[in-house]
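Asker: Structure in structure tokens, see below.
The values are calculated or read from the model by the stated rules, or taken from the named source; none is laboratory data. Everything numeric here is computed off the predicted structure, so don't read it as measured data. Please note: Cβ atoms are built from the backbone with ideal geometry, for glycine as well, and neighbour counts cover all protein chains shown.
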Amino acid sequence: MERRLPDAAVAEAMNRVLAAESEAAAEIAAAERQAESLIEAARARRRQILDTARRRASRMHARARARLQGALQELEARAAAPGRDTTELRPLARLALTNLARRLTSVDHEPH
């Protein structure tokens, strides 16, 4: 009988260890699922930010293209006007193109 008591205590201790191990494995699996959920949410947010940035950049480029087209048409109309010296228009055109290039390559693309 004495022999069975230590064996029972050992078996009980092993069962507690196995139960704790099983509980830890379940907690690890739950943490992994939660981490995957957070990662997927971050990916979705990143996609949303990229889409918004692309839409804004497209709108900004369309506005810039329209403004450039208008400026070019205005310059062409002035150049075609009688008595207008085209040498006057070159510095204005250069300035307009320089300003446009600066706006298109700047970090802040929103109009001021």
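Asker: What is the one condition in (1) modelled with pLDDT under 90; (2) of a type in the set (Asp, Glu); (3) surrounded by 10 or more Cβ atoms within 10 Å (Cβ to Cβ) that residue 110 does not satisfy?
Answerer: The failed condition is (3).
Asker: OK, next. Scanning for something surrounded by 11 or more Cβ atoms within 10 Å (Cβ to Cβ), part of a helix (DSSP H, G or I) and at pLDDT 95 or above, does the range 46-54 turn up at least one residue?
Answerer: Yes, the range 46-54 contains at least one residue that is surrounded by 11 or more Cβ atoms within 10 Å (Cβ to Cβ), part of a helix (DSSP H, G or I) and at pLDDT 95 or above.
Asker: Do you know which of the residues in the range 41-71 that are in contact with a helix residue (DSSP H, G or I) (Cβ under 8 Å, 6 or more places away or on another chain) and without any contact (Cβ under 8 Å) to a residue 40 or more places away in the chain is nearest to residue 89 (Cα to Cα)?
Answerer: 71
Asker: Considering only residues of the range 60-107 that are assigned to a helix (DSSP H, G or I), among the hydroxyl-bearing types (Ser, Thr, Tyr) and loosely packed, with under 11 Cβ neighbours inside 10 Å, which is modelled with the highest pLDDT?
Answerer: If we take residues in the range 60-107 being assigned to a helix (DSSP H, G or I), among the hydroxyl-bearing types (Ser, Thr, Tyr) and loosely packed, with under 11 Cβ neighbours inside 10 Å, then 98 is modelled with the highest pLDDT.
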